[in-house]
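Working notes, structure below.
The values are calculated or read from the model by the stated rules, or taken from the named source; none is laboratory data. Not measured: the values here are computed from a predicted model. Ideal geometry is used to build each Cβ from the backbone, glycine not excepted, and the neighbour counts take in all protein chains shown.
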Amino acid sequence: MTLRVTTSGSTSLAVEEFLPQLVAASVASRIGAKDFTVWGKEAEDESSVRLGWVSSASDSQVLVAEILELKAHFNELGVNRFVLCGMGGSSLAPEVITNTAGVELVVLDSTNPEQVAKALGGELKRTVVVVSSKSGSTVETDSQKRLFEHAFAEAGINVADRIVVVTDPGSPMEQAAKADGYRIFNADPTVGGRYSALTAFGLVPSGLAGADIQQLLDEATSVSELLASDSMSNPALQLGAALARTKNGERFADKIVIVEDGTVIRGLGDWAEQLIAESTGKLGKGILPVVVTPSAIELSSEAGDQVIVRLGKDSSPAAENQIVVSGSLGAQFLLWEYATVIASHLLGVNPFDQPDVESAKIAARAMLEGREPETPADFTFNGIEVRSRGLDLGADHTVKSAIDALLGTLGAEDYISLHAYLDRTSFPEAQALRDILAERTKRPTTFGWAPRFLHSTGQYHKGGPAQGVFLQIVSRASADLTVPGRNFTLGELIASQAAGDAAVLAEHNRPVLTLTLNNVTSGLETIRESI
């Protein structure tokens, strides 16, 4: 499939204006040559050690045979259920790859005890767990690993035969894995997590599950020369310019509405969301990805601060201010990585750091370790505990009035962000609330399963433009899980993550409404009716 980017309206104007500047400055070829000076002096400490993704399609070829050999070994033993424990960049790419390939991979990117319990309750006799963490210290992944280790041991299964670790060389996880005798795949330490789709993080779980990882790498390799070319026909330069420099009048279109439209690729928008939001959302700047379905109200909106990006149709856009991107999955992984760092160059931000992600982690750890009593609810309505930060809830103590108060803070360029700290395998209907909120407000609305979004759009929420209003939906754990070797439960961990993120958002003067559901099914219905 040909890799192609087409634009219309103001997106075409942005390309026409800024593409010649990018070509004249040799931006694409400098990135292709791993020139770490592209993003300015202040970014050099980070960019100098974060450009391995440029050559990952060729560098990762050596992994393919080893991954396929291990898959064959497991299959001979009748072991063919693969669970991936990972967060953010460690899980989003494998989910896209395996969904697109139509092969089964259980992606466990949650600390919700019910969701984790389901994964633990699968057929352990035929299960292999891939534990992926770049730093090796991610609390979610460490907790999941400990629970599976305990479950395998309880079932009389040799743990060392069933856990595969993907991590950076020298990380705490690598050291522990060596001591435990686990199989280890080292990833390239010069590739940041959100740029790791074509490294061991994307390839190991996907290849074990049955995806054609050789084809994926070949697709990316086939376009690498094009994407590194200083040419007016370079789709990465076109896309980067359109993302970062589209204007409607005097307003920058700093929100992109991503929709899969006629593509066989499944879930690319969720992967691109992390890549773009975490790379660009800092210094009060950024590009906010809003991932929607083909029926979303945003696609017919006349909002001047958004651009529609359609994934899949190899044709010219039918409407104004749109971008159409088509191409194979491997090619698009590399395209979006190039386009994102090119857009970051135009915005004047470092695409490789994430200074505000750590703040929520620190807040969550402090709450988990301090075990301070939970903040009392402002009020309770129909079994839903209502808490707010930066809002005046008034005297009418209903969920509807609380949501009205939150939406009443929306400005002309604001967006709504809905965070669901729920079991996404049991309550997929929570995502429908996104469409209802967007229909009511006519403003771009994002949806994130928590806590995984903390490793994704969480950076943009605090570091990007001060435009967001936030609705948290949290569930009480009906059956909790104690993490072996730790002094906390998953229920306590996810509650701390929600409270910690709310606290940091409030510190950045972002209004937050938290609805804690004692019964998820009835609670979601109450929220739907209230919106």
- Task: Report whether or not residue 416 is among the β-branched types (Val, Ile, Thr), more than 21 Å from residue 91 (Cα to Cα) and surrounded by fewer than 18 Cβ atoms within 10 Å (Cβ to Cβ).
- Result: no
- Query: Considering the stretch 166-187 alone, what residues qualify as being aliphatic (A, V, I, L, M) and in a loop (DSSP other than H, G, I, E, B)?
  - Reply: 187
- Name the strands (runs of 3 or more DSSP E) wholly within the stretch 79-139 that hold at least 2 residues that are over 17 Å from the mean Cα position of the chain (by Cα)? 81-85, 127-133
- Looking at the stretch 334-342, is at least one residue surrounded by 20 or more Cβ atoms within 10 Å (Cβ to Cβ) and either more than 21 Å from the chain's Cα centre (by Cα) or outside any helix (DSSP H, G or I) (or both)? no
- Item | Answer residue from the stretch 3-20, given it is of a type in the set (Ser, Thr, Tyr) and in a helix (DSSP H, G or I) and is farthest from residue 249 (Cα to Cα) among those | 12
- Message: So, in the stretch 362-384, exactly how many residues are in a loop (DSSP other than H, G, I, E, B), charged (D, E, K, R) and at pLDDT below 95?
- Response: 3
- Message: Kindly evaluate residue 230 against the criterion of being of a type in the set (Asp, Glu), surrounded by fewer than 21 Cβ atoms within 10 Å (Cβ to Cβ) and closer than 30 Å to residue 66 by Cα.
- Response: no
- Within the stretch 200-214, is even one residue part of a loop (DSSP other than H, G, I, E, B), touching a residue at least 12 places away in the same chain (Cβ under 8 Å) and over 20 Å from residue 2 (Cα atoms)? yes
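Conditions tested, residue by residue: (1) farther than 12 Å from residue 470 by Cα; (2) aliphatic (A, V, I, L, M); (3) modelled with pLDDT under 95.
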{"site": "386", "(1), (2), (3)": "yes, yes, no"}
{"site": "395", "(1), (2), (3)": "yes, yes, yes"}
{"site": "404", "(1), (2), (3)": "yes, no, no"}
{"site": "409", "(1), (2), (3)": "no, no, no"}
{"site": "420", "(1), (2), (3)": "no, yes, no"}
- Message: Taking the criterion of being touching a Gly at 6+ places or on another chain (Cβ under 7 Å) and in a helix (DSSP H, G or I), would at least one residue in the stretch 21-42 satisfy it?
- Response: no
